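A quick write-up on the structure given underneath.
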Amino acid sequence: MNIDNKKLIYEGKAKKIFANKNPEEVIVQFKDDATAFNAAKKSTFEGKGELNCFISETIFKYLINQNIPTHYIRSNSKSSFIAQKVKIIPLEVVVRNTAYGSICNQTNIEPGTVLKEPLIDFYYKDDNLNDPLLTIDRIILMDIISQEELLFIKELTKKINSILMVFFSNIQINLVDFKVEYGRNQNGQVVLADEFSPDNCRLWDMKANNGKIESLDKDRFRHDLGDLIEAYSEISNRIKIFISST
């Protein structure tokens with residue numbers, strides 16, 4: 001489907017959202033842009049959008065087959081898909097299975113520590129406030145979402161994490177942590193939205209030698225750890241092999 005004549009609804013750091021003929025649908029187009037440190041670091045990688053689109057589509061389809069409600073509807077092009085039009089809930093839900101990054105800077109937990117239970121953190125989506133970490137009480141106080149919906153999101157996120165830990169383990173990748181977002185569709189149902197790609201998670205290669213961490217995610221760009229497209233392509237190829245064998 002050609003999107004040249006479609007109305008642009010929203011443009012973020014890594015995606016564009018266009019109106020579709022059906023008013024309850026949108027077109028989600030992935031960009032080749034990469035940003036880090038709240039867009040302080042920027043670059044463009046040819047083919048990144050197509051890779052992230054394929055990975056996100058595959059993950060959404062897999063989760064839907066596991067009875068997870070998502071905004072995904074169908075494929076549209078190599079770099080875009082059709083999704084339900086949703087109103088995004090301004091919370092970034094971060095799941096940590098292994099300690100790394102900000103949690104190690106903010107606590108005495110050593111990097112690489114496997115957590116006894118997945119840790120779920122909530123961040124307020126507001127660039128002006130630098131996406132602050134929120135407590136559950138603050139979320140309720142700010143009237144961002146009801147307590148019942150918050151509990152639903154937390155339990156659904158735990159289920160998504162369990163499903164995806166197994167999924168990535170099957171392709172020899174350790175799901176260290178990830179960020180997801182939710183939205184309300186036209187019926188008021190809370191569904192998994194946005195994307196699931198190496199842009200918003202940490203993925204470590206289990207095939208790495210000598211116990212050395214081999215990052216297959218956006219940390220490669222953040223910290224100049226290697227070629228980004230090489231890593232994203234590796235994930236894509238492993239997913240294709242796994243899907244074709246199941």
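The values are calculated or read from the model by the stated rules, or taken from the named source; none is laboratory data. Please read all numbers here as calculations on a predicted model, not as lab measurements. Using ideal geometry, Cβ is built from the backbone for each residue, glycine included, and neighbour counts are taken over all protein chains shown.
General observations
- Here the condition is being in contact with an Asp or Glu (Cβ under 6 Å, 6 or more places away or on another chain) and over 14 Å from Ser197 (Cα atoms); of Lys6, Lys85, Lys48, it holds for Lys85 alone.
- Among (1) touching a residue at least 40 places away in the same chain (Cβ under 8 Å); (2) crowded, with 17+ Cβ neighbours inside 10 Å; (3) touching a strand residue (DSSP E or B) at 6+ places or on another chain (Cβ under 9 Å), the one test that Tyr232 misses: (3)
- Unique match (being assigned to a loop (DSSP other than H, G, I, E, B), at pLDDT 95 or above and at negative phi) among Ile68, Ile120: Ile68
- Flag for Ile239 being buried (at least 18 other Cβ atoms within 10 Å of the Cβ), at pLDDT 95 or above, in contact with a Leu (Cβ under 9 Å, 6 or more places away or on another chain) and β-branched (Val, Ile, Thr): no
- Screening Trp204 with (1) touching a Leu at 6+ places or on another chain (Cβ under 8 Å); (2) within 19 Å of Thr157 (Cβ to Cβ) gives one miss only, at (2).
- Candidate set from segment 183-213 (those that are out of contact with any Asp or Glu (no Cβ under 7 Å at 6 or more places or on another chain) and more than 30 Å from Lys87 (Cβ to Cβ)); member that is surrounded by the most Cβ atoms within 10 Å (Cβ to Cβ): Ile213
- All of (1) under 23 Å from Tyr62 (Cβ atoms); (2) outside any helix (DSSP H, G or I) hold for Val166 with one exception: (2).
- Single match in Phe81, Phe45 (criterion: at pLDDT 95 or above, of a type in the set (Phe, Trp, Tyr), in contact with a helix residue (DSSP H, G or I) (Cβ under 8 Å, 6 or more places away or on another chain) and farther than 28 Å from Leu150 by Cα): Phe45
- Scanning segment 214-229 for residues that are more than 16 Å from Phe167 (Cα to Cα), touching a residue at least 40 places away in the same chain (Cβ under 8 Å) and surrounded by 18 or more Cβ atoms within 10 Å (Cβ to Cβ) yields Lys218, Phe221, Leu228.
- In this structure, Val94 does not qualify as out of contact with any Lys or Arg (no Cβ under 9 Å at 6 or more places or on another chain), of a type in the set (A, V, I, L, M, F, W, C) and either under 26 Å from Glu149 (Cα atoms) or surrounded by fewer than 15 Cβ atoms within 10 Å (Cβ to Cβ) (or both).
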